[in-house]
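Have a look at the structure below, then the notes.
Read the figures in this text as sums done on the coordinates, not as results from a lab. All figures in this text were calculated on a predicted structure; none of them were measured in a lab. Please note: Cβ atoms are built from the backbone with ideal geometry, for glycine as well, and neighbour counts cover all protein chains shown.
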Amino acid sequence: MSSKNTRKLAEALKTVLIVVIVLVFLYPLFWMVTASFKQPTEFVSKPAYALNSGFYFQNYVDAWTRGHMSVYFVNSLINTLLSLVLIVIFSVTISFALTKMQWKLKGFMAAYFGFGIMVPVATTLIPLAQIFQKTGLYNTRTGLVLVYTASAISFSVYLITGYLRALPDEIIEAGIVDGCSIYRLMIDIVLPLMKNAIITVLVIQFFFKWNDLIYSMTFASKSSLKTMQTGLLYFENEFGSKNWGAIFASVSISVMPMLFMYLALNKAVIEGMTAGAVKG
């Protein structure tokens, strides 16, 4: 077999392998969405892999109203968006200070935030619970937003410092020569150049915070403060029996925001993840 034919065969096999991998990963999502539109009788009378015979939207109505998904969805959205704003503000300013400014404790603080990535989440739960109980932050939205923000700072700083190190110092120096204050330098020069890195942090942290279960279970026991993941955990108890259609509908509702966000921003995420690996 000639080398040309060998290359064609290798490309064809690679294409087939990629298609198979994509189908393996997409099928559970497809199965979940189709199951969310099945009528209750279809879960008994048909095999689990059978397609839905129609679109039974009552499952989504039950999940949104009787299953209280509307409350959980709004709670997750508010908690996630508030924490994302704080994460971006703190991680960008800290990363800029660690990479582009000179001060005495710079090396120590860089090591401190690097160490924060290695701390297991479980080891922080008991100390935080005690602090929240004493400060009145337990069972409050403020407490959840604060713990979401604090838990994300180290990893976000790690991502953004990698990008800032590749940003030429000459750009910063030119802004200073032109008379920019530190605030104007950040807003007018640094932030526009860091757009992809910031989007990367936003998308990654959105996935983490939207999918959070351990913090929301530990620090928010009130029904009015439950998030999507804690709501899904106890969802079947809302009906007294397993309403599979409503369960799959609620899971679909929880997945769709992440899916739409990634599809809209995946190009910027890829560019942001690779930018720090290229020297400016």
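Summary of computed values
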{"quantity": "Linear extension gain, residue 131 paired with residue 270, 0.36 nm per residue minus alpha-carbon span", "calculated": "46.2 nm"}
{"quantity": "Nearest 10 degrees, 0 to 90: helix 3-35 Cα axis against the chain principal axis", "calculated": "60 degrees"}
{"quantity": "Theoretical gain in end-to-end length, residue 18 to residue 57 [0.36 nm per residue, Cα-Cα removed]", "calculated": "10.6 nm"}
{"quantity": "Pairwise label distance in nanometres, residue 8 with residue 31, each label 7 Å out on the Cα-Cβ vector", "calculated": "3.7 nm"}
{"quantity": "Mean ellipticity per residue at 222 nm, deg cm²/dmol - from DSSP H runs of n ≥ 4 across the chain, formula -39500 (n - 2.57)", "calculated": "-23000 deg cm²/dmol"}
{"quantity": "Net charge, residue 101 excluded, C-beta distance under 15 Å - Lys, Arg +1, Asp, Glu -1", "calculated": "+2"}
{"quantity": "Förster radius 30 Å - calculated FRET efficiency between residue 261 and residue 187, Cβ distance, rounded to 0.05", "calculated": "0.75"}
{"quantity": "Degrees between helix 69-100 axis and first principal axis of the chain (Cα, 0 to 90, nearest 10)", "calculated": "20 degrees"}
{"quantity": "Within straight-line cross-link reach of residue 14, lysines at Cα separation under 22 Å, skipping those fewer than 8 residues along the same chain", "calculated": "4"}
{"quantity": "Sites matching trypsin sites (Lys or Arg not before Pro) across region 1-108 that sit in DSSP coil, with at most 13 neighbouring C-beta atoms within 10 Å", "calculated": "66, 104"}
{"quantity": "Ranked by how many other beta carbons lie within 10 Å on average, peptides 212-225, 86-99 from highest", "calculated": "86-99, 212-225"}
{"quantity": "Cα centroid separation - region 165-215 against region 32-60, whole Å", "calculated": "46 Å"}
{"quantity": "Degrees, to the nearest 10: 122-135 long Cα axis against longest axis of the chain", "calculated": "80 degrees"}
